[in-house]
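Structure first, then comments.
The values are calculated or read from the model by the stated rules, or taken from the named source; none is laboratory data. None of these values were measured; they are calculated from a predicted model. Heads up, the Cβs are rebuilt from the backbone with ideal geometry, glycines too, and the neighbour counts pull from every protein chain shown. All accessible areas refer to the heavy atoms of the entire protein, side chains included, with ligands and DNA or RNA removed. Shrake-Rupley method; radii C 1.70, N 1.55, O 1.52, S 1.80 Å.
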Amino acid sequence: MTTLSNHVPDPRLITAYAERRDGPLHRVNPWTKLGVVAVLVLAVTVVDALAVLAGLYAATLVIYGLAGLPYRRLVLWYTLPMLFIVSVAGPLAFLEPGRPILGALATPLGELSVTWQGAALFAELTCRSLTVVTFTLTASMTTKYNDIAYLLGKIFPTPIDQVTLLTYRFTFVMLETLEDLVKAALSRGANLSDFWANRRLYARILGMTMLTAIERSERLVTSMEARGYDGDITLYGDVRRPPVLEAAAVVVMFTVVVVYALVIAYGVVAI
């Protein structure tokens, strides 16, 4: 479906799963899914117990599978968030004081070791990040574009909603342009496997992509203004209010997270 890396989430594939599949989560109200995302963000922020965080992550994986989505794609798409996690949480695992797991390694700057506390911290940050990433992908791959556009138009104020909608739509044009340039380079015998040896080629591809994007965006604005665009994209879709049971479930989850934060995490309220 794409000549780009399988480690980068493809919005076309995500949209295809949302528009053409019909799993259990596809029939859940989009407002409910948005509420669950908000609850998960709050939960991974206030929860500090590794067991609870691991349980939340396991639950999101189960929901992902129940929605009929491919685990193989999810593992590949974990590359980008894992790079962020390793770059941020990796050094913290070495700097966290505690009992070393395999002993200390002597370096010119002193002894370096990964402690049990550091490993636990790394696992906590991993669970926090992957929980939100997994469910966000799940919600995106089970919600139609018109519904997402409607929610964006209702949540964000003007002109942020218009910029978000146009950016999402223009992403497909950017991907097609980048793929055409990659195909042209490969057809001429280029080898893109070695980044450093082909850094100039990568720079040319990126530069041409940006120039083409600017040129197409100017033509797009001109054509939209010729058709009467005045800064507002009218959305003809409509997302109904969530059913009572779904709304009640979101309220219960939010209440559980708040109670956990007040009683266990911060100890503000004693039982």
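Over the chain, consider all pairs of different Cα atoms and compute the Kirkwood hydrodynamic radius from their mean reciprocal separation; express it in Å, one decimal.
22.2 Å
Along the stretch 242-247, what does the Karplus equation 6.51 cos²θ - 1.76 cosθ + 1.60 (θ = phi - 60°) give for ³J(HN,Hα), rounded to whole Hz, x for Gly and Pro?
Here the 3J(HN,Hα) series is x, x, 4, 5, 5, 4 Hz.
In Å, what is the Rg of the alpha-carbon atoms in the stretch 115-271, and how long is Dmax?
For the stretch 115-271, the Cα radius of gyration and maximum Cα-Cα distance read 23.2, 70 Å.
Choose one answer from Ser113, Ser87, Ser187: the residue with the largest mean-square fluctuation in a GNM of the chain with alpha-carbon springs under 10 Å.
Ranking Ser113, Ser87, Ser187 by mean-square fluctuation puts Ser187 first.
To make sure I understand the rule: partners must be lysines, Cα under 23 Å from the Cα of Lys144, and not fewer than 8 residues away in the same chain. Which ones qualify?
Partners found: Lys33, Lys154.
Give the calculated FRET efficiency between Val256 and Arg169 to the nearest 0.05, with a Förster radius of 51 Å applied to their Cβ-Cβ distance.
Efficiency, rounded to the nearest 0.05: 0.85.
Using the Karplus curve 6.51 cos²θ - 1.76 cosθ + 1.60 with θ = phi - 60°, what ³J(HN,Hα) values do you get for each residue of the stretch 80-89, in whole Hz, with x for Gly and Pro?
Couplings: 5, x, 5, 4, 5, 5, 5, 5, 9, 7 Hz.
Which whole-number percent is the relative contact order of the chain (Cα, under 8 Å, 6+ apart)?
Normalised by residue count, the contact order of the chain is 29 percent.
Need one number: nm distance between label points at Thr158 and Ala190, each 7 Å from Cα along Cα→Cβ, rounded to one decimal.
The modelled label-to-label distance comes out at 4.2 nm.
Tally up the carbon and sulfur contribution to the accessible surface of the stretch 159-231 as a whole percent, 1.4 Å probe, everything protein left in place.
Of all accessible area on the stretch 159-231, carbon and sulfur atoms account for 62 percent.
Could you check which residue among Leu186, Leu56, Leu69 shows the biggest mean-square fluctuation in a GNM of the chain with a 10 Å Cα cutoff?
In the Gaussian network model the winner is Leu186.
Please state the Cα pair-distance histogram of the stretch 1-76 with 5 angstrom bins from zero: what percent is in each bin?
It works out to 3, 12, 18, 22, 21, 15, 7, 2, 0, in whole percents.
Say we join alpha carbon atoms closer than 10 Å with springs in a Gaussian network model of the chain; which of Asp230, Asp147, Asp180 then has the biggest fluctuation?
Asp230
Treating only the Cβ of Lys, Arg, Asp and Glu as charged (+1, +1, -1, -1), what charge dipole size does the chain show about its Cα centre? Round to the nearest 20 debye.
520 debye
Using the eigenvalues of the Cα gyration tensor, what equivalent ellipsoid semi-axes result for the stretch 159-231 when each is taken as the square root of five times the eigenvalue, whole Å, largest first?
They are 32, 12, 9 Å, listed largest first.
What number, rounded to the nearest 500 deg cm²/dmol, is the helix-based mean residue ellipticity at 222 nm of the chain, given -39500 (n - 2.57) per DSSP H run of at least four residues and division by all its residues?
That calculation yields -22000 deg cm²/dmol at 222 nm.
Want the number for Asp180 to Ala123: 0.36 nm per residue separation, take away the alpha-carbon distance, what's left?
So the chain would gain 16.6 nm between Asp180 and Ala123.
Taking the Cα centre of the stretch 159-231 as origin, sum charge times position over the Cβ atoms of Lys and Arg (+1) and Asp and Glu (-1), and report the length of that vector in debye to the nearest 20.
360 debye
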